[in-house]
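These notes are about the structure you will find just below.
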Amino acid sequence: MALRLGLMAGYWGTKPPKDLVGAAKRAEALGYWGFFTAEAYGSDAFTPLAWIGAHTNSIKLGTAIIQISARTPTSAAMHALTLDHLSKGRLILGLGVSGPQVVEGWYGRPFSKPLARTREYISIIRQVMAREGPVMNSGPHYPIPYPADAPGSWGLGKALKPITHPLRSNVPIFLGAEGPKNVALAAEVCDGWYPLFYSPFREEVYRDSIAGRPEGFEILCPVHIHVTDDLEAGRLEVKQNIALYVGGMGSRDRNFHNKLISRMGFGDAAKL
C-alpha cells in the first residue's frame, strides 16, 4: 500500500488556530490525502471538519479522534452521516475511549469496560450506516431501545432506522488504540488504526496485536515534524509533546501512555 500524507490540526488550545482553512487548502493543493482534527475537553472534532469541508474539494476529512463518551453511538453516527453527505463522501470516522481522567472528570461517565463499550459502540454505528433495519443493541453499555424495565424508563422506546439515507454504508472507522487488546480490537472490527506513538524500531510492540488484520487495513501513524536548523530546539519541541502525554495524561498509577512508552523500551526515561 502506498504511503500517503495527512495534516493533523489536533484540538484547539485557548483559541482557534490561525488560518485553519488556509492550511487545509494548502495541504490539498500539495496533494495531501487527509486533514484531521481531534478533541479533548474544549473544541470538538466535527465542527472544524464541516468548515474545512466547505472550503476544500478532495482532501479526506478525518476525526482523530472523537471520544466515545462524548456522544451516544447513534449521535456519533448522525454526525458521521451528515458530514459524509456534506463532504461528498470524504469522512474518515476515527474514535477512541480517551482516558479515565477525561471520561469521568469531564463527561461524568464511568470508564469501566472500555473494550466492551468500544465494540458495542462501533457495532451500533455500523448498523446506522448500513440502514438495513431498525437499530437494536442488547448489550449492557448502550441498550437500544432503552429497556422498559430499566431505571427511569417510560417503556415507550421504539427501534428506529435513520430518516436520512447515508451516502455511504461503509464510512471508514479507525480506532485510536495503544493497549495490546485495544489494538487487536481495531484489527478485528475497524478499517484502520491510529497509534499515538509508533516506532519502526520497535515493531514487536504491536506485531501480535495486528497479526490478524484484514486485507486493506490501514495504519495512520502520526509523525511530529519541526523544521529548524537548531537540532536541540527541534528535539525539545517533540519532547514537550511526548511529555504532555507520558507525564500529564493520566495519574501516576494509571497512565496508558506511560505504560506504552515503557513497553517500547523507554521505561527509565518515562518514570514519573
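Quick note: the coordinates plus some simple rules give every number you see, no bench work behind them. What you see is a predicted model; the values in this text were computed from it and never measured. Virtual Cβ from ideal backbone geometry, glycine too; neighbours counted across all protein chains shown.
Counting only Cα, what are the radius of gyration and maximum Cα-Cα distance Dmax of the range 226-272, in Å?
12.1, 38
Starting from the range 195-272, pick out the chymotrypsin sites (Phe, Trp or Tyr not before Pro) whose DSSP state is loop and whose Cβ has at most 12 other Cβ atoms within 10 Å.
Qualifying residues, ordered by number: 201.
Could you state the number of Å between the C-alpha centres of the range 4-54 and the range 169-193?
22
Out of all DSSP beta bridges in the chain, what portion is antiparallel? Express it as a percent rounded to 5.
The antiparallel proportion sits near 5 percent.
May I ask you to list the residues of the range 49-66 whose amide nitrogen lies under 15 Å from a point 7 Å from Cα along the Cα→beta-carbon direction of residue 218?
Within reach of a label on residue 218, which here means backbone N under 15 Å from a point 7 Å along Cα→Cβ, the range 49-66 contributes 58-65.
Filter the chymotrypsin sites (Phe, Trp or Tyr not before Pro) in the range 19-48 to those in DSSP coil with at most 15 other Cβ atoms within 10 Å of their Cβ, and list the result.
Listed in order of number, the matching sites are 41.
P(r) for the range 6-223, please, calculated from all Cα pair distances in 5 Å bins and given in %.
Going from the shortest bin to the longest, the percentages are 1, 7, 14, 17, 19, 17, 13, 7, 3, 1, 0, 0.
Just report the Cα centroid separation between the range 220-238 and the range 62-134, whole Å.
Taking the Cα centre of each part, the range 220-238 and the range 62-134 sit 31 Å apart.
Calculate, in whole percent, how much of the Cα-Cα pair population of the range 77-149 lies beyond 19 Å.
Taking all Cα-Cα pairs of the range 77-149, the fraction more than 19 Å apart is 48 percent.
Divide by every residue of the chain the summed helix terms, -39500 (n - 2.57) for each DSSP H run of at least 4, and state the resulting mean residue ellipticity at 222 nm, rounded to the nearest 500 deg cm²/dmol.
Helices in the chain give a 222 nm mean residue ellipticity of -9500 deg cm²/dmol.
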